[in-house]
Each structure stands twice: as structure tokens, then as C-alpha cells.
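These notes are about the structure you will find just below.
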């Protein structure tokens, strides 16, 4: 059975109301079945990351894009966790590089501090995924303002408010 067929069957089971899209609550429950426990705010961020039509729900095509991202994140985690079930901070940095995400030290350590739930320098898969979702969402939002692709943006107050409202977790 092809991967796309499996994804479609899974999506159809999650789409219990047969609307052709799933809500954050439905996605959260489905992820929990796979042992991925995320607060609803993270799941909502997942949907915003791939909600191409901006309707607040996730179509099958959007779900496929999210699944591809989550599989890449999971693979980067698995490559470095050494059967311990967690990454330490240096490994988080290395895993982010595998995902083509690089940050300077102050930004990296600030993000790590924000997503280290236990404050012990150990990131379980769901912690690492949450961190990656935040960073990718921030990157997507930044790129929407970086029209010249120079790595710098200038924002007025309204744009800044828009950014903070869209990047909340």
C-alpha cells in the first residue's frame, strides 16, 4: 500500500465529520494516538504553518505537507538521540542544522530555554517537534516580510503586531 494511500485512510478516519478537513482538536487527538502529546496551541501552530488557504483547518493536501515536515523532524531527532529518548542542547543544534535551520547562539539558546519543559537540557521528541514548529513558523512569517530575500526586514507597528499574533505558541 502506498504511503499516500495510508495517509488518505488515516486522514479520512480523523475527519470524522467527513468535511474534507480536520480541526486542531481532531489533529491533536490523532497525534496522541501516535504517542505525540502536544498542547492545543502547538497543534494550532501546526495547522497555521500549512494552512495554505487560511481557513483555520487542514485539508488533505495541507496534512500531507505537515506530515512530510514532521517526518523530517522525527528523522533528525532519531539520527541523534542514541536510544535515550531525548536530545541534549548540542544535539538539538545539530538536528536543526540537518533540517536546514541555523540560528546564532543567543537566538538558539533562547528558543531552547523556551521549549525545555523540564529545564534539564533534555528534549524529548515532542519538545523538539514543538521547537521546530515554532522556528519553522517564525521562518515562514519572516520570509513573508523579507521580500528582497536579504535576511533582514523592517516592520512598522501594525506588521509587528501581526507577527506576534501569528507566532504565538
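The values are calculated or read from the model by the stated rules, or taken from the named source; none is laboratory data. Only a predicted model underlies this, so the values are computations on that prediction, with no experimental measurement involved. FYI the Cβ positions are ideal-geometry reconstructions off the backbone, even for glycines, and counts take in every protein chain you see.
Computed values, structure above
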| read-out | value |
| --- | --- |
| Qualifying residue in the stretch 27-48 (condition: surrounded by fewer than 18 Cβ atoms within 10 Å (Cβ to Cβ), modelled with pLDDT under 90 and closer than 27 Å to residue 144 by Cβ) | yes |
| Residue within the stretch 82-95 that is under 13 Å from the mean Cα position of the chain (by Cα) and surrounded by 19 or more Cβ atoms within 10 Å (Cβ to Cβ) present | no |
| Helices (runs of 4 or more DSSP H) completely within the stretch 1-99 that count 1 or more residues being closer than 18 Å to residue 128 by Cα and touching a residue at least 60 places away in the same chain (Cβ under 8 Å) | 40-50, 60-80 |
| Residue match in the stretch 149-161 (condition: under 30 Å from residue 15 (Cβ atoms), modelled with pLDDT under 90 and part of a helix (DSSP H, G or I)) | no |
| Candidate set: the stretch 116-129, residues that are at pLDDT 90 or above and outside any loop (DSSP other than H, G, I, E, B); chosen: the one nearest to the chain's Cα centre (by Cα) | 129 |
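Each row is one residue, and each column tells you yes or no for (1) more than 27 Å from residue 27 (Cβ to Cβ); (2) surrounded by 15 or more Cβ atoms within 10 Å (Cβ to Cβ); (3) in contact with a helix residue (DSSP H, G or I) (Cβ under 7 Å, 6 or more places away or on another chain).
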residue	(1), (2), (3)
66	no, yes, yes
108	yes, yes, yes
111	no, yes, yes
120	yes, no, no
132	no, yes, yes
140	no, no, yes
146	yes, no, no
153	yes, yes, yes
